[in-house]
Amino acid sequence: MDFTFTEEQQAAVEAARAVFSGVEPDGVPSPALTPGAVAEDVDRPLWAQLAAGDLLGLTLAPEHGGAGLDPVALCLVLRESAKVLARVPLLETCAVAMSLQRDGYPGLAAELLPRVGRGELVLTVAANGRTGHDPAELAVTAVRDSNGKNDRSSSNDGSDGGHDSDSSPWVLDGVQSGVPWAHSADWIAVPAHTPDGRAVLALVCRTAEGVTLVEQVSTSGELLAEVRLDGVRIEDRALIGTPGAWEWLRALLTTGTCALALGLGASVLSMTSEYTGKREQFGFPIATFQSVAVQAADRYIDLRAMEVTLWQAAWRISTGTAGALPVAGDIAVAKIWASDGVRRIVQTAQHLHGGFGADTDYPLHRFHAWAKQIELSLGPAAAHEEALGDLLAAHPLG
């Protein structure tokens, strides 16, 4: 496989490294030292720096002020962000923006996306459903409001983001749990289902009437929200009904989360290598001990497997290239390695660091909390193995 990145993608990595070089993991709020949520807002100064570096518009089309790059470039930048535990909704904002650009109403895209690239808007997405165990789109209903009409009439030619000739507003009811950055977001992308069973994606303003946010706290100490929708009315243009739009966004979010796991794992493995190379026992660095070297080598293999499976999935999403299995198969493999790999890397790091791994004056405990949150977000590897098995059964190889 040739995973050589383009000049534009490599330039995005260099720009990201320049921005994130000013972030010190030691300064990231620690869930072990802060009761409740570690902060009420995203890292706004860092968010402004990302906007100034044109990284928030990385995947936006030039007509929206962006660079027009693909999900591979986004994953490269996400990897760099996770290396320093950057507290910014980069994945959620860019993923929702790409979805709006790809499948949404062009007028709304033209209105919102340039502001996203300038850092003026924060976007997030509700991907967990009510409990995290059921499909997210089943947690919210989207029903036409026959009592109201929008001023805009729409056609049924597929150019308006999946809208039909009925321009009545939509009414949303339901609950989405564990929504990241919801308290800081301007717009929330909410998957829902229509009475005929279609999965749709609704863009909801956080301050809209009928939207209630209930505080929740993640394992990493970040402020999440249970988003309750009680008769929330949205314009027809704010609902994306294109078949497969929600599935595409969900795939991008999952792949981006695997990129975060890769970046975090790379940082932790580097920390472990540096520590074991300096820590001495019996007059020798413990890195020279066979048992330590074997454990570190195993985790290096994990990291390389996480990397190759991530880029395979990101490449499939970016290019739409056909394969022996649907793209969901590549994503399932990436999730298996990311979920298990990031857990094993951090556990081994804690073991090889000894007492320093639990010392709150040392940054490893922060990485451990973030790794656990990523693992929980991805779900257990066994579930992805089962999904992969179903795909293999449905698409026999050879």
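The values are calculated or read from the model by the stated rules, or taken from the named source; none is laboratory data. Owing to the predicted nature of the structure, the values given are computational and were not obtained by experimental measurement. Cβ coordinates were reconstructed from backbone atoms using ideal geometry, including for glycine residues, and neighbour counts include every protein chain displayed. Heavy atoms of the whole protein, side chains included, go into the accessibility calculation; ligands, DNA and RNA do not. Shrake-Rupley method; radii C 1.70, N 1.55, O 1.52, S 1.80 Å.
Using every Cα-Cα pair within the stretch 256-398, state what percent have a distance larger than 23 Å.
So the portion of pairs separated by more than 23 Å is 41 percent.
Accessible area per residue, 1.4 Å probe, Å², for the chain: what's the number?
Roughly 43 Å² per residue, with all protein chains present.
Going through the stretch 1-50, which GluC sites (Glu not before Pro) have at most 11 other Cβ atoms within 10 Å and a DSSP loop state?
Glu40
Sticking with the crude label model, points 7 Å out along Cα→Cβ, report the distance from Leu397 to Ala61 in nm, one decimal please.
The modelled label-to-label distance comes out at 3.7 nm.
Simple spin-label model, 7 Å along Cα-to-Cβ: Asp186 to Asp390 in nm?
With each label placed 7 Å out from Cα toward Cβ, I get 3.8 nm.
With +1 on each Lys and Arg Cβ and -1 on each Asp and Glu Cβ, how big is the dipole of the chain about its Cα centre, in debye rounded to the nearest 20?
Computed about the Cα centre, the dipole is about 640 debye.
If I take every Cα pair under 8 Å that is 6 or more residues apart in the stretch 1-136, average their sequence separation and divide by the length, what percent do I get for the relative contact order?
Computed value for the stretch 1-136: 26 percent relative contact order.
Over all alpha-carbon pairs in the stretch 329-398, figure out the percentage whose distance exceeds 17 Å.
Value for the stretch 329-398 (Cα pairs over 17 Å): 51 percent.
Looking at the chain, send over the antiparallel percent of its DSSP beta bridges, to the nearest 5.
Of those bridges, close to 90 percent are antiparallel.
Show that you can apply the helix-only estimate: for the chain, add -39,500 (n - 2.57) for every DSSP H stretch of four or more residues, divide by all residues, and state [θ] at 222 nm to the nearest 500.
Calculated mean residue ellipticity at 222 nm is -15500 deg cm²/dmol.
What is the extension gain from Thr207 to Glu247, computed as 0.36 nm multiplied by their sequence separation minus the C-alpha to C-alpha distance, in nm to one decimal?
Length difference between fully extended and current span is 11.8 nm.
Given Leu55, Gly68, Ala142, which one lies farthest toward the positive end of the charge dipole of the stretch 1-146, if we put +1 on the Cβ of every Lys and Arg and -1 on the Cβ of every Asp and Glu?
The Cα lying farthest towards the positive end belongs to Ala142.
In degrees from 0 to 90, rounded to the nearest 10, what is the angle of the helix 71-83 Cα long axis to the longest principal axis of the chain?
So the inclination is approximately 50 degrees.
First measure r as the distance between the Cβ atoms of His351 and Asp145, then evaluate 1/(1 + (r/R0)^6) with R0 = 51 Å and state the FRET efficiency to the nearest 0.05.
0.35
Could you quote the convex hull projected area for the stretch 234-301, Cα atoms only and averaged over all directions, in nm²?
Mean orientational projected area (the stretch 234-301, Cα hull): 7.1 nm².
When all C-alpha to C-alpha distances in the stretch 1-115 are sorted into bins of 5 Å, what percent of pairs does each bin hold, rounded to whole numbers?
Computed distribution, short to long bins: 2, 11, 21, 21, 17, 13, 9, 5, 2, 0.
Using only Cα atoms, locate the centre of the stretch 32-70 and the centre of the stretch 321-354, then give the distance between them in Å, rounded to an integer.
Comparing the Cα centres of the stretch 32-70 and the stretch 321-354, I get a distance of 25 Å.
Would you be so kind as to identify which of Ala287, Thr6, Gly132 lies farthest towards the positive end of the dipole of the chain, taking Lys and Arg as +1 and Asp and Glu as -1 on Cβ and the Cα centre as origin?
The listed residue farthest towards the positive side: Ala287.
Using the crude model of +1 on Lys and Arg Cβ and -1 on Asp and Glu Cβ, and no other charge, please compute the dipole size for the stretch 101-150 relative to its Cα centre, in debye to 20.
Dipole about the Cα centre, nearest 20: 120 debye.
Return the distance in nm (one decimal) between the two label points of a simple spin-label model at Arg44 and Phe3, each offset 7 Å from Cα along Cα→Cβ.
3.8 nm
What angle do you read, to the nearest 10 degrees and between 0 and 90, between the alpha-carbon axis of helix 290-319 and the longest principal axis of the chain?
20 degrees
Place the peptides 269-276, 335-342 in order of packing, highest mean first, counting for every residue the other Cβ atoms within 10 Å and averaging per peptide.
In descending order of packing, they fall as 335-342, 269-276.
Equivalent-ellipsoid semi-axes (√(5λ), Cα gyration tensor) for the chain, whole Å, largest first?
38, 23, 20
Report relative contact order for the chain in percent, whole number only (criteria: Cα-Cα under 8 Å, sequence separation at least 6).
16 percent
Hey, could you pull the Cα Rg and Dmax for the stretch 305-352, both in Å?
13.1, 43
Using only the Cα atoms of the stretch 177-262, what semi-axes does the equivalent ellipsoid have when each is the square root of 5 times a gyration tensor eigenvalue? Give whole Å, largest first.
22, 19, 10
Pop out the carbon and sulfur fraction of the accessible area of the chain as a percent, whole number, probe 1.4 Å.
Carbon and sulfur together cover 53 percent of it.
Please work out the C-alpha center-to-center distance from the stretch 272-320 to the stretch 198-246 and express it in whole Å.
For the stretch 272-320 versus the stretch 198-246, the Cα centre distance is 38 Å.
About the Cα centre of the stretch 191-319, how large is the charge dipole given +1 on each Lys and Arg Cβ and -1 on each Asp and Glu Cβ? Please answer in debye to the nearest 20.
280 debye
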